[in-house]
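The values are calculated or read from the model by the stated rules, or taken from the named source; none is laboratory data. Because the structure is a prediction, the values reported are computed rather than measured. Heads up, the Cβs are rebuilt from the backbone with ideal geometry, glycines too, and the neighbour counts pull from every protein chain shown. Side chains included, ligands, DNA and RNA excluded: accessible areas come from the protein's heavy atoms. Shrake-Rupley method; radii C 1.70, N 1.55, O 1.52, S 1.80 Å.
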Amino acid sequence: MTTKIFLINCSSSVRKAVELNYPELVLCDDSSSFDGGVVLESIDRLDFDLEALVATNQNTSLVELQNNDKGFALDKMGKLTSLDSQKLYVDSFYHIGAYRLMDRDSLTHLKDVKDTFSALIGATGSREFSRSEFKKALFLDRDGILNHDGGYLFEFEKMSFYDEITESLKLFKAHGYDIFVITNQSGIARGYYTEDDVRELHKKMRAHFEKLGVVISAFYHSCHHPEKGVENYKANSFTRKPYPGMVSMAMREFPITLVDSVMIGDKKSDQLMAFPGTTFHMKRQYDLSNSSAQIFENYEELKMFLASKFFKGQN
Ligand SMILES: [Mg+2]
């Protein structure tokens, strides 16, 4: 039996390797006719319309090719499989019909949860996590959530913080969440500032919140923009929200139980694709009329909701 797979972003040598080594796989160039999944050389940067592809193909699955440190797989967007007994990353990404090429000679068919999970988590350079280490995560957008959105900010001195978020963050901490910041920084793509500027800023922001009693485990930024950008920064990156690439980056370094996790942001794009956790929106200057997340006017309201409803009955 043959399976038709569709290769995207793959170099000709990878294509050749698949053709030579996997006669059961038929490569097709037409994205509407594959049935086995989509195989990518890298999904850090995309050069196609992922949403359109997923919308028209029920079997879509995305899989990393090659030994790089950016691999992750993604299930059919928005069609999540929940496994009651395994509240793990896999819940959102589990799928049948995905492949992973470890090197030029070994293509792995990820046929069950265990395979998928270890392929996703056990990537080059990251250690395997034991079950008991997994924790819930609170993912925070940065601008408009931790600080007032001043537009392309990169200097700590020019930042004005929403320190009143601190009490809500402490509630999350007390209920076992690790905190991460995931931020689209197209200012890097546009050449307004550098990645080093952003790292430096995040170091200072981390110290700021630590002084207020809140430890932020890590900051992740996406430097790309699909239309605006110099050189390699102009790209439709999987790291750019609403794609969940930065969540995957965090999951490379921290054992995270994704289904129990929470995302807080102020834009529609903060509702991450394929995110199986809970999303909260803070009402700022952006249009949230199509948001399916719960919307809060301010942090007092969020804190009250957390204390009186969300954490009620949790440990
Ligand atoms: Mg924002």
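A few notes on this one:
- Residue within region 265-288 that is under 17 Å from residue 179 (Cα atoms), at pLDDT below 90 and of a type in the set (D, E, K, R) present: no
- Exclusive hit being in contact (Cβ under 8 Å) with a residue 60 or more places away in the chain and closer than 25 Å to residue 224 by Cα, set 250, 307: 250
- Of the set (1) surrounded by fewer than 17 Cβ atoms within 10 Å (Cβ to Cβ); (2) within 19 Å of residue 183 (Cα to Cα), all apply to residue 307 but (2).
- Note on region 253-274: residues that are over 24 Å from residue 150 (Cβ atoms) and either free of Cβ contacts under 8 Å to residues at least 24 places away in the same chain or within 16 Å of the ligand (Cβ to nearest atom) (or both) amount to 1.
- Strands (runs of 3 or more DSSP E) within region 207-303 that include 1 or more residues surrounded by fewer than 18 Cβ atoms within 10 Å (Cβ to Cβ), among the hydrophobic types (A, V, I, L, M, F, W, C) and in the same structural domain as residue 152 (by TED's automatic domain parsing): 218-222, 294-296
- Any hit, region 186-207, residues being within 17 Å of residue 279 (Cα to Cα), among the aromatic types (Phe, Trp, Tyr) and modelled with pLDDT of 85 or more: no
- Test: residue in region 216-224 that is of a type outside the set (Val, Ile, Thr), over 25 Å from residue 297 (Cα atoms), away from the ligand (no atom under 16 Å from the Cβ) and modelled with pLDDT of 95 or more: yes
- Listed by first and then second residue, the pairs linking a residue in region 164-186 that is under 15 Å from residue 262 (Cβ atoms) and away from the ligand (no atom under 15 Å from the Cβ) to a residue that is modelled with pLDDT under 95 and of a type in the set (S, T, N, Q), with Cβ atoms under 7 Å apart and 6 or more places separating them unless they lie on different chains, are 175/314; 175/315; 176/315.
- Lone unmet requirement of (1) in contact (Cβ under 8 Å) with a residue 24 or more places away in the chain; (2) in a loop (DSSP other than H, G, I, E, B); (3) surrounded by fewer than 18 Cβ atoms within 10 Å (Cβ to Cβ) for residue 197: (2)
- Answer residue from region 163-194, given it is farther than 19 Å from residue 314 by Cβ and part of a helix (DSSP H, G or I) and is most open to solvent (accessible area, probe 1.4 Å) among those: 164
- Within region 149-162, the set of residues being free of Cβ contacts under 8 Å to residues at least 60 places away in the same chain and either surrounded by 14 or more Cβ atoms within 10 Å (Cβ to Cβ) or outside the structural domain of residue 281 (by TED's automatic domain parsing) (or both) comprises 153, 154, 156, 159, 161.
- Residue count for region 233-247 under the criterion of being out of contact with any Asp or Glu (no Cβ under 9 Å at 6 or more places or on another chain) and in contact (Cβ under 8 Å) with a residue 60 or more places away in the chain: the result is 4.
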